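Trainee: Below: one structure in structure tokens.
Since every read-out is calculated from the coordinates, none of them should be taken as a lab result. Worth saying up front: this structure is predicted, and the values here are computed from it rather than measured. Cβ: placed from backbone, ideal geometry, glycine included. Neighbour counts: every protein chain shown.
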Amino acid sequence: MKLTGPFAQILPLDGLPLKGALRDEQLRIIPNGGVLTEDGIILAVGDFNDLRKAHPSAQTEEITTPLVLLPGFVDCHTHICFGGNRAKDYSMRIAGKSYLEIAKAGGGIWDTVTQTRLATEQELTNTLIQRANRHLAEGVTTIEVKSGYGLSIHEEVKQLRAIKAASAQTKAKLISTCLAAHMVPKDFDGSQEEYLNIVLNELLPVIKKEELSSRVDIFIEQSAINPENALTYLSKAKALGFDITVHADQFTTGGSKVAVEVGAVSADHLEASGETEIKLLAGSNTVAVALPGASLGLGMNYPPARKLLNDGACLAIASDWNPGSAPMGDLLMQAAVMSAAEKLSAAEVFAGLTYRAATALKISNRGILAPGMLADMQAYPCADYREILYYQGKMKSDSVWAGWK
Ligand code: NIG
Ligand code: FE
């Protein structure tokens, strides 16, 4: 048994609703707090002195500077298994080139597919571990990682195997998702339906057999997969036992409707969502995931995060860390910057980065500091939690604890 503390403040993020707007006054703040853990699981959270008196035999990890303790962040949407980079795309984009011009110059998702196919499984594993460890050092203890840069049976399996291998070599918890439906590969000689059928009939069974993932994602967009084909594909993937998540409403609407219809765990992006989509998401159990890193990377508007919360949606915030639209990968900075523009409370931001993001992954044992939860925790060098967003992500976690996995 280990007692860690005293912390200037602990924000356990417990007792808060899953959906809708939150005020900072709803946050429970434990001053002079301690956390009792055993084997990476939380046994108790409370006043440090009370816990010490009640558990005199517990080994103490003494905190000697003012720190604010939060649950580890859950980044529920990333694409950090990839080869190469797209700095060339980015320089063209900031100089004003259009998506089409960039694609014509050999850029876009297909460029990363080419570079990822050139990398060995071992190389993908190594770079993924580095990125996961950088995230972990910044307080992100659970990281979802998508495939989607392989786009053939063999190459998608290679990516998912790399994610599985990396998962065993980092203390961060990696959750993999199959995004073979990112786009129809340029070297595929057939229709969208034919490609999706191959994924369904030939790829998903291998993924099941090798236990490479239990989640399926799709990019619903005019340039990728259309809503009709997406609905058919996702319904069949769901029938095979996969949880569904969707890249929805990034440039045009259509994706979130499919996501709600198929009972997806989350609908991510939502930059183009309007009143209809907001109402639909708010009335569903599908988590709305904002990806401010993509808005920053593409120079686009943020998703309507404030409106989604006001209407009662469950809003999570994720980085979308990828080589194309969101190369920065700094989750806290992105959430902090979006919160100023979208008018989100600290409670809404922290909820979106923790237990609401865990819900987007259908995981219930993290994101809240409470008995029975994983001891995934991070502490910031300040005595008042409000300083964390005030520095807009520039103040990083001082210590990170990654519990049992
Ligand atoms: O979430 N929108 C589609 N997929 C990624 C971008 C991937 C890429 O450009 O490499 C996204 O933004
Ligand atoms: Fe994405």
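Trainee: Rounded to the nearest 5, what is the percent of antiparallel bridges among the DSSP beta bridges in the chain?
Mentor: Approximately 40 percent, going by the DSSP bridge assignments.
Trainee: Which shape class applies to the stretch 73-360: rounded if a/c is under 1.5, otherwise prolate when a/b exceeds b/c and oblate if not, where a ≥ b ≥ c are the square roots of the Cα gyration tensor eigenvalues?
Mentor: Values: a/c = 1.26, a/b = 1.18, b/c = 1.07.
Here the stretch 73-360 falls in the rounded category.
Trainee: Which of the aspartates and glutamates could a cross-linker span from K88 if the Cα-Cα distance has to be under 18 Å and same-chain partners fewer than 8 positions apart are dropped?
Mentor: Qualifying aspartates and glutamates at Cα under 18 Å: E101, D111.
Trainee: Which of L270, L100, T253 sits closest to the plus end of the dipole of the stretch 73-360, meaning its Cα is farthest towards the positive end, when Lys and Arg get +1 and Asp and Glu get -1 on the C-beta?
Mentor: The one lying farthest along the dipole's positive direction is L270.
Trainee: Taking DSSP loops as anything outside H, G, I, E and B, show the longest stretch in the chain free of GluC sites (Glu not before Pro) there with at most 14 other beta carbons within 10 Å.
Mentor: 1-209
Trainee: From the Cα gyration tensor of the stretch 334-405, with a ≥ b ≥ c the square roots of its eigenvalues, which class applies: rounded if a/c is under 1.5, or else prolate if a/b is larger than b/c, or else oblate?
Mentor: oblate
Trainee: List the aspartates and glutamates whose Cα lies under 20 Å from the Cα of K2, skipping any in the same chain that are fewer than 8 positions away.
Mentor: Correct list for K2: E38, D39, D47, D50, E61, E62, D376, D398.
Trainee: A follow-up question, please. Any of K158/K209; K146/K208; K171/K238; K19/K362 with alpha carbons more than 19 Å apart? Name them for me.
Mentor: From K158/K209; K146/K208; K171/K238; K19/K362, over 19 Å: K171/K238.
Trainee: Mind checking which of P205, P56, P31 has the largest fluctuation in a GNM of the chain, springs on alpha carbons under 10 Å?
Mentor: Highest fluctuation among the options: P56.
Trainee: Of the options L231, N322, N285, report the single residue whose Cα projects farthest towards the positive end of the charge dipole of the chain (beta-carbon charges: Lys, Arg +1; Asp, Glu -1).
Mentor: Farthest towards the positive pole: N322.
Trainee: Right, something else. Explain nothing, just the number: dipole magnitude of the stretch 73-360 about its Cα centre with +1 on each Lys and Arg Cβ and -1 on each Asp and Glu Cβ, in debye rounded to the nearest 20.
Mentor: 540 debye
Trainee: I would also like to ask the following. Answer with one residue from V145, G241, V113: the one whose Cα lies farthest towards the positive end of the charge dipole of the stretch 73-360, charges on Cβ with Lys, Arg +1 and Asp, Glu -1.
Mentor: V145
Trainee: Under a plain spin-label model, where a point goes 7 Å from the Cα along Cα-to-Cβ, how far apart in nm are E193 and Y391?
Mentor: 5.7 nm
Trainee: Taking the Cα centre of the stretch 146-203 as origin, sum charge times position over the Cβ atoms of Lys and Arg (+1) and Asp and Glu (-1), and report the length of that vector in debye to the nearest 20. Can you show the working numbers first?
Mentor: Working: 7 positive and 7 negative charges, 132 e Å.
Approximately 640 debye in magnitude.
Trainee: How tilted is helix 331-342 with respect to the longest principal axis of the chain? Cα atoms for both, answer in degrees (0 to 90, nearest 10).
Mentor: 90 degrees
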